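Working notes, structure below.
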Amino acid sequence: MKSALFTVLLLVGAAQAQQGFVANPSLPNAPSTRKFWSYENKLDFSILAGQITVDAITTQKGLSEGYRESNPVIRPLVTRGAAGEAAASSLGFGFALGTAYVLHRTHHYKAERIATRAMITVEGGFVANNLYRLY
């Protein structure tokens, strides 16, 4: 009799515990996803777009003064004048934006920031090189 009473109390206790668990519908909040066009990315890509614009202008100025494009992949485009330079700049910016977006969509947020800042740094080096050679 004692074991039957103990079994009933144990089952009632287990049923009450399960009922309390099911009755509590609040679940912890899922981690929020970051938006791609955050203030940080807007600022970073604005800086990159400005640098690409300055690079395009200084490249065309250098080509008109007799310099030669050192990048063999982009050379066929930039030697075609403003239209080719616009195409090359658009391809470069699109590649940068696409790389950051793929990293963002795969939740590699730190790698996204590092890659974007690295692209800004490299483009800044190109601009500094152009300005150094021209002036």
Taking R0 as 25 Å and r as the Cβ-Cβ distance between Asn71 and Leu43, the FRET efficiency 1/(1 + (r/R0)^6), rounded to the nearest 0.05, comes to 0.40
Which of the peptides 80-86, 37-43 is most tightly packed, and how do the rest follow, going by the mean number of other Cβ atoms within 10 Å of each residue?
-> 80-86, 37-43
The aspartates and glutamates whose Cα lies under 18 Å from the Cα of Lys110, excluding any fewer than 8 residues away in the same chain, are Glu40, Asp44
If R0 = 25 Å, then Arg80 and Thr121, at their Cβ-Cβ distance, give a FRET efficiency to the nearest 0.05 of 0.35
Bounding extents of region 39-134 in its principal axis frame from Cα atoms, largest first in Å, are 45, 23, 20
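Taken together, the values in this text are just the output of simple stated rules run on the coordinates, not laboratory data. Keep in mind that this is a model prediction, so the values were computed, not measured. A quick note on method: Cβ atoms are made from the backbone with ideal geometry, for glycine too, and the neighbour counts reach across all protein chains shown.
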